[in-house]
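Worksheet: one structure, shown below.
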Amino acid sequence: MTERSNEMSEQDKVTQASNEEVKGNNSNEENVTPSEVSEVAEEASSEEVQTPTPIAEATEEVQAELAESEDASNSDESESQEEEEEEHIELSGLSKSQLTHLLKEKIAHGSILKLDKLAHEIKAAFDELVSKDKEEALNKFLAEGGVEDDFEYRLHDEERDFNKTFNDFRYQINLQRKEAERLKEKNLVAKNELLDQLRELVDGEETTLSMNAVKSIQEKWKSIGPVPASQNRNLWASFNALMDRFYDNRSIYFELKELDRKKNLESKIELCEKAESLKEVKDLKEAIKHLNDLHEEFKHIGPVPRDEQENLWQRFKAASDAVYDRRKAFYDSQKEVFKQNADAKQALIDKLSSFGGFKADRIKEWNTKTKEILDIQKEWEKIGPVPKESGKDINKAFWAAFKEFFHNKNLFFKELDEIRASNLKKAEELIAQAEELMNNTDWQSTANQLVKLQQEWKKLGPTPEKHRDALYKKFKTACDTFFDNRRNSNKQANSEYETNLGLKLDLMKRIKDATAGESLSEEELSGFVAEFNEIGFVPRKNVKEIQNQFKTVVDAYLEKMNPSGSDRDDFMFRLNLNKIQSDPNAIKTLNKKEHGIRKQIADLENSITLWKNNLEFFAASKTADKLRDQFDVKIQKAEEEIDKLKKKLTILREF
């Protein structure tokens, strides 16, 4: 017992001295792998004690092998984190469809468990765009006369698609995490079973099959996978202790280990060759992925002969550095592109700053400026990412100016809403007065009062859009009720309609007589039309007939006054607008007519562009010449029609 104690004490001293020497050497070396540390420790031990005991040597070798596995794992995690930081994805310039595509691509080609942070960053960027769209939709709704309380934002297809993708991703990651925890518990049970098997081998009688059994346990142990973190240290300690005891009892350990090292050398040389071939891979992302897989294999293979360790590691490191240098060069080149993008965005910020103090009293002017600022926003979205260190400040400056404009616009529409609310009260008062008069039988006096109310209604400004139709309907119903009652109950009124019928027939005869003369003019015809409108109602059964006859005599007058018809459409258009103005809902009708004309112009301009593009594809042949002529005629007619429509817009703005 005394000799054994002295021997172990001496060996402990040798081991301690070896470890201190390894630490000293390792502090001066930049690229020393954990496996190399264990090898240097063994060499130091061998040099100080020429005949080390198998027990001490085996203990040190097992510890080095376990330390190599743990340190390699930590090194790989650090390298993975560094790579993740270098491969930062700029999201601020991406559209909703691009963010959706990016999330789908990452889910399809990446590890679900590693995408949680990036997926939430993409979700945050997407939500910001949705919030922006919602704000724009609200602004548009308010600009069109809506009230904020009635606004309801409906998700688009791309937003529903993104939400479904993200929810599926969260469901998958939760499943995988639960599955990962379940597998860790399963792995814990499996490794405890291996520890029991190893303990039986260590405590049992040694046979020729013991080494194969231990090797099998080692392979199974490596293949099982991770266990709960709280159990990992104890498992490794138990496994290390049992392996230490096993190798303490086997004098042939080093011989077997040397054979393993030679096999490991062959495997690592093969990995070096694969790593060196990656410099020919054009796809940098693919090359990095393969290199990470090679590093994973390299760290699990185990130690190689001492005299080959340094050269082998330097060869593998040189092949890895060649790939990493390519990655560094790529990111360096992108820095210049990001800087150019930053300059372009700064130019847009300067351009946008002039919108901050914009003020106007008309909706049209606000809408014009809104279109301009939205065009700037589209330019902004087309520009790619900027340097990460300045991206936050650039985005903050742009959106601050952007929001300032829409804040001022919202204030304008808030004031407009107050005006509409005031007009709403006035309209309700007019309706109340009309409803008080609608059952009155003092026909003449009441009719005059209602006509006066109708005139006041025409002068009434805009009212809230959601109440506009209902208000007009109530007012019109009250007026119609009175006039229907008068029409149905007052014979004198019926006689008046007959008189009006006679007056209109006489007027049409006068128009025919005037048409037969020579001195025709628009002023005269306008007077006839005004007189016709002022005469009043005719019997209901004659309304359509009189209108058709009147149109016929007016057309005849116009035809003789201007046979070419060049101004005829304009004159009729003006007459139609004059008639519309008498309608209490004239503003809405005029706006609708203007919108229809603008749409016609846009459709014709698009057709002209398409036809002109088609002309460029025609070959110089006889058939092509005919087609060109046909298209030229189409284009000319369309342009003439556009001129007419634009002239109508000019006339429309006068009303």
Asn440 passes all but one of the listed conditions (1) surrounded by fewer than 17 Cβ atoms within 10 Å (Cβ to Cβ); (2) part of a helix (DSSP H, G or I); the exception is number (2)
Can you find a residue that is small (Gly, Ala, Ser), part of a loop (DSSP other than H, G, I, E, B), modelled with pLDDT of 80 or more and within 18 Å of the chain's Cα centre (by Cα) anywhere in the stretch 117-138?
no
Count of residues meeting criterion [more than 22 Å from His300 (Cβ to Cβ), in contact with a helix residue (DSSP H, G or I) (Cβ under 9 Å, 6 or more places away or on another chain) and in a helix (DSSP H, G or I)] in the stretch 204-242
1
Of the residues Leu352, Leu294, Leu348, which is over 30 Å from Asp375 (Cβ atoms) and among the aliphatic types (A, V, I, L, M)?
Leu294
Which pairs do you get when a residue that is assigned by TED's automatic domain parsing to the domain that holds Ile394, found in the stretch 345-362, comes within reach of a residue that is small (Gly, Ala, Ser), reach meaning Cβ atoms under 8 angstrom, with the pair 6+ apart or on two chains?
Ile349/Ala397; Ile349/Ala401; Leu352/Ala401; Ser353/Ala401; Phe355/Ala401; Gly356/Ala401
If we keep just the residues of the stretch 419-456 that are of a type in the set (Val, Ile, Thr) and under 17 Å from Asn585 (Cα atoms), which is nearest to the chain's Cα centre (by Cα)?
Ile431
Per the filter on the stretch 282-291, residues surrounded by fewer than 15 Cβ atoms within 10 Å (Cβ to Cβ) and in a helix (DSSP H, G or I) are Leu284, Lys285, Glu286, Lys289
Go through the stretch 134-180 residue by residue and tally those that are acidic (Asp, Glu) and either at positive phi or touching a Ser or Thr at 6+ places or on another chain (Cβ under 7 Å) (or both).
2
Hey, among the residues in the stretch 502-522 that are of a type outside the set (A, V, I, L, M) and under 12 Å from Leu558 (Cα atoms), which one's surrounded by the fewest Cβ atoms within 10 Å (Cβ to Cβ)?
Ser521
In this structure, does Phe398 turn out to be touching a residue at least 40 places away in the same chain (Cβ under 8 Å) and farther than 20 Å from Val337 by Cβ?
no
By residue number, the members of the stretch 213-237 that are under 44 Å from the mean Cα position of the chain (by Cα), closer than 22 Å to Leu201 by Cα and β-branched (Val, Ile, Thr) are Ile224
Every residue in the stretch 528-554 that is closer than 22 Å to Thr515 by Cβ and free of Cβ contacts under 8 Å to residues at least 40 places away in the same chain, please.
Phe528, Ala530, Glu531, Phe532, Glu534, Ile535, Glu545, Gln547, Asn548, Lys551, Thr552
Looking at Lys414, is it over 30 Å from Val337 (Cα atoms) and not assigned by TED's automatic domain parsing to the domain that holds Leu374?
no
Residues within the stretch 89-101 that are farther than 21 Å from Trp399 by Cβ and at pLDDT below 80, tallied
0
The residue that is nearest to Lys392 (Cα to Cα), considering only those in the stretch 363-378 that are hydrophobic (A, V, I, L, M, F, W, C) and free of Cβ contacts under 8 Å to residues at least 60 places away in the same chain, is Ile376
So which of Asp480, Asp442, Asp484 ends up being at pLDDT 85 or above and not hydrophobic (A, V, I, L, M, F, W, C)?
Asp480
Inside the stretch 188-229, the number of residues satisfying the requirement of being exposed (fewer than 15 other Cβ atoms within 10 Å of the Cβ) and among the β-branched types (Val, Ile, Thr) is 3
Step by step: first the residues of the stretch 341-366, then only those that are of a type in the set (S, T, N, Q) and at pLDDT 85 or above, then the one that is nearest to Phe141 (Cα to Cα). Which residue is that?
Gln346
Report whether or not Glu159 is under 28 Å from Asp469 (Cβ atoms) and either of a type in the set (Asp, Glu) or exposed (fewer than 15 other Cβ atoms within 10 Å of the Cβ) (or both).
no
Enumerate the helices (runs of 4 or more DSSP H) found wholly within the stretch 542-618, keeping only those where 2 or more residues are more than 38 Å from the chain's Cα centre (by Cα), over 30 Å from Ile431 (Cβ atoms) and at pLDDT below 80.
568-581
Of all residues being acidic (Asp, Glu) and more than 39 Å from the chain's Cα centre (by Cα) in the stretch 283-334, which is farthest from Gly110 (Cα to Cα)? Just the residue, please.
Asp307
The stretch 445-467, subset assigned to a helix (DSSP H, G or I) and either touching a residue at least 60 places away in the same chain (Cβ under 8 Å) or of a type in the set (Gly, Ala, Ser) (or both), residue surrounded by the fewest Cβ atoms within 10 Å (Cβ to Cβ)
Ser445
Looking at Lys541, Lys512, Lys560, which is the one that is among the basic types (Lys, Arg) and under 30 Å from Glu435 (Cα atoms)?
Lys541
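Each row is one residue, and each column tells you yes or no for (1) of a type in the set (S, T, N, Q); (2) crowded, with 17+ Cβ neighbours inside 10 Å; (3) assigned to a helix (DSSP H, G or I).
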| residue | (1), (2), (3) |
| --- | --- |
| Gln309 | yes, yes, yes |
| Asp350 | no, no, yes |
| Thr370 | yes, yes, yes |
| Glu381 | no, no, yes |
| Pro385 | no, yes, no |
| Asn395 | yes, yes, yes |
| Phe405 | no, yes, yes |
Would you check which residues across the stretch 503-525 are within 60 Å of the chain's Cα centre (by Cα) and among the aliphatic types (A, V, I, L, M) and list them?
Leu525
Residues located in the stretch 92-106, provided they are touching a residue at least 24 places away in the same chain (Cβ under 8 Å) and more than 13 Å from Lys164 (Cα to Cα):
Ser92, Gly93, Leu94, Ser95, Lys96, Ser97, Leu99
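The values are calculated or read from the model by the stated rules, or taken from the named source; none is laboratory data. Just so we're clear, the structure is a prediction, and the values are computed from it rather than from any experiment. Ideal geometry is used to build each Cβ from the backbone, glycine not excepted, and the neighbour counts take in all protein chains shown.
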